[in-house]
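Colleague: First, the structure itself, so that you have it in front of you.
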Amino acid sequence: MSRSPSSAPENDANLERPGAAVNKIEKFPMYIDAEWCESSSGRWFDTKNPYTGDVWAQLPEANETDVNRAVEAAHRAFTSGPWATMTPSDRGLLLHRLGDVIAANARYLAELEVRDNGKLMVEMLGQMKYLPRWFQYYGGLADKIEGAVTPIDKAGMFHYVTYEPMGVVGAITPWNSPLLLTVWKLAPALAAGNTVVIKPSEFASASMIGFAKLFEEAGFPKGVVNVVTGFGQEAGGALVGHPLVKRIAFTGGNIGGRKISEAAAHQFKRVSLELGGKSPHIIFGDADLPAAIKGVISGIFAACGQTCMAGSRLLLHSSIHDEFVEKLVERMEQARLGDPFEETTDIGPIATEAQLRKILDYVEIGKSEGAVCVLGGKKATGLNCGRGWFFEPTIFTGVTNDMRIAREEVFGPVLSIMKFESDDEAIEIANDTPFGLSAGFWTQDLARAMSLPKRIRAGTVWVNSYRVVSYMAPFGGMGQSGFGRENGAAAIHEYLETKSVFINPKSSISNPFTLQ
Ligand code: NAD
């Protein structure tokens, strides 16, 4: 069944807050070839509001047939139709227009995200207002993908290098920042001239459907962007396995990342993997402590620690350890848990019930390993928590870097604190991890600020700051945090093929049995 795009989303920027109506479960049909449709099986799955624990929306459960249809639509749009012949400058303008439409609908998109994943409205609104920058930046790059003429070492021969789009890109994204992490893929992929099929997380797909509505408003030709909703193995797996999908851009956990990498390898498909982390956050003895405390909070307690870049290992110099812990605990005891829509809330719920259980398990693991829980450690049930999936901000001291709470990603508000004596020791602990996504350190010593980043094995290093991202700054991991980079000018080349062209005006081959 398909419905006309105009009748599909039952909510609009002008309508009530999504999910706000009592007992009303909204349906968000998916978007394939510019049509709003159900799954061919007719099956829908529920998505729950983490603040209430209630089902608030339903999405089509896409199967292989649906994914095939989306990929074929994207392939058609890539090979024929207006997108295939559009000049890069016009493509760029279209991306700019999409940015404008997003800006006009930022609040609506933010509300969908908060409803679906429980993150704070204040954060999600900030993210949504920032999204247009990606389309402006990559829209500007669309007509600056310049090739080169080579002074080739072959007499009389003309040689040039040119860059071409790859075809259909499959974007598979997680639940923690659904639209931001999609846009990191979508903007460069479209600027490069590809078409895209997006498979958002089954735990947070509604905002992606709200977002899809905006492609039409911006004037994208049909089939250029498609959204299939469903589960990892079935819908995601079908996308990865489809031979017409030339490139997979994945953000998610290491288990899914490994499966996708293996499946893509069967077809030698290009993949980027933005995976998990166990990022070190180092506070040297000379740091501005009040600022560093805020930095640590933003690293691990913002978004309930459900961020890939969470500064989950805190390394404190022994000279400031006790004072820092005391002040951090004091500050976090005052953190206000509650409705993520309220401006006064500091900490919202955990996105899923399963995630809440996982966090609880890790707290038990930490205790059994001998770490000392100096704050939190339990499901939160305060006055403002309602029936939501809340977890208390949790701090462990006396952690050693071989404990599981120091080595494995918890993806929750759980901080593991360790002590160090020297810069060398801090760097050694920081680098002693299978991950390598990000790291931060605080110091007022310029020499240290300048020299340490190159000694830290991580894709991003923040000095006297934390959790800063930009469309201009490459982001991605080393080691088990994955490979490939998103953001920054070079990211557009992650979605391009390089072609080398030799033209011999004289039509000659000197010796056919040797390399020319
Ligand atoms: P997840 O791996 O469970 O799911 C991510 C996406 O992959 C979902 O859309 C899911 O349906 C899909 N998927 C899962 N298995 C699949 C398979 N076999 N084939 C195809 N698709 C499959 O991750 P999550 O729980 O949604 O997100 C949390 C994880 O994401 C954390 O580990 C976090 O660190 C990571 N993350 C990384 C970054 C980064 O930029 N490095 C950013 C955000 C989140």
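Colleague: If I histogram all Cα-Cα distances within the range 280-463 using bins 5 Å wide from 0, what percent of pairs lands in each bin?
Modeller: Here the calculated profile for the range 280-463 is 1, 8, 18, 22, 20, 15, 9, 5, 2, 0, 0.
Colleague: Among DSSP beta bridges lying fully in the chain, give the percent that are antiparallel, nearest 5. Don't skip to the answer; put the middle values down first.
Modeller: Values: 29 of 69 bridges.
Here the antiparallel bridges make up roughly 40 percent for the chain.
Colleague: Could you list which residues have their amide H under 5 Å from that of F45, counting only those 5 or more apart in sequence or on another chain, with H placed in the peptide plane?
Modeller: Close amide H contacts, sequence-distant or interchain: L59, E61.
Colleague: Where does the chain land at 222 nm, in deg cm²/dmol rounded to the nearest 500, when only DSSP H runs of n ≥ 4 count, each adding -39500 (n - 2.57), divided by all residues?
Modeller: Helices in the chain give a 222 nm mean residue ellipticity of -10000 deg cm²/dmol.
Colleague: Moving on to the next point. Projected onto the charge dipole of the range 280-463 (+1 at Lys/Arg Cβ, -1 at Asp/Glu Cβ, origin at the Cα centre), which of G285, A458, T307 gives the Cα projection farthest towards the positive end?
Modeller: T307
Colleague: Turning to a different aspect of this structure: Take the solvent-accessible surface of the protein heavy atoms, probe 1.4 Å, and return the percent of it on the range 280-463 that carbon and sulfur atoms account for.
Modeller: With neighbouring chains kept in place, the figure for the range 280-463 is 51 percent.
Colleague: What lysines sit close enough to K327 to cross-link, taking a C-alpha to C-alpha distance under 25 Å and skipping anything fewer than 8 places away on the same chain?
Modeller: Of all the lysines, those that pass the test against K327 - Cα under 25 Å, at least 8 places apart if same chain - are K278, K294, K367, K378, K379, K419.
Colleague: How much area per residue is accessible in the chain when the probe is 1.4 Å and only protein heavy atoms are counted (Å²)?
Modeller: With the other protein chains kept in place, the chain gives 41 Å² per residue.
Colleague: Using DSSP, restrict attention to beta bridges with both residues in the range 280-463 and report what percent are antiparallel, rounded to the nearest 5.
Modeller: About 20 percent, rounded to the nearest 5.
Colleague: For G276, what charge total do you get from the other residues with a beta carbon under 10 Å from its beta carbon, if Lys and Arg give +1 and Asp and Glu give -1?
Modeller: On the way: positive: K278; negative: E274, E408, E409.
Result for the neighbourhood of G276: -2.
Colleague: Further, regarding this structure: Over every pair of different alpha-carbon atoms in the chain, take the mean of 1/r and invert it; report that Kirkwood radius in Å.
Modeller: Averaging 1/r across every pair of different Cα atoms and inverting gives 24.1 Å.
Colleague: List the lysines whose Cα lies under 18 Å from the Cα of K246, skipping any in the same chain that are fewer than 8 positions away.
Modeller: Correct list for K246: K185, K199, K259, K269, K499.
Colleague: Still on this model: Can you give me the C-alpha center-to-center distance between the range 199-235 and the range 124-163, rounded to a whole angstrom?
Modeller: Between the Cα centre of the range 199-235 and that of the range 124-163, the gap is 26 Å.
Colleague: Using a 10 Å cut-off on Cβ atoms, rank the peptides 447-453, 225-231 from the highest mean neighbour count down. Can you show the working numbers first?
Modeller: Values: 447-453: 13.7, 225-231: 26.6.
Listed from highest to lowest mean packing, they are 225-231, 447-453.
Colleague: Where in the range 208-225 does the amide nitrogen come within less than 19 Å of the point 7 Å from the Cα of E234, taken along Cα to Cβ?
Modeller: In the range 208-225, the label zone of E234 (backbone N under 19 Å from the point 7 Å along Cα→Cβ) covers 209.
The values are calculated or read from the model by the stated rules, or taken from the named source; none is laboratory data. Treat the numbers as computed from the prediction; the structure is a model and nothing was measured. Methodologically, a virtual Cβ is constructed for each residue, glycine included, from the backbone with ideal geometry; neighbour enumeration extends over all protein chains shown. Accessible surface areas use protein heavy atoms only, side chains included; no ligands, DNA or RNA. Shrake-Rupley method; radii C 1.70, N 1.55, O 1.52, S 1.80 Å.
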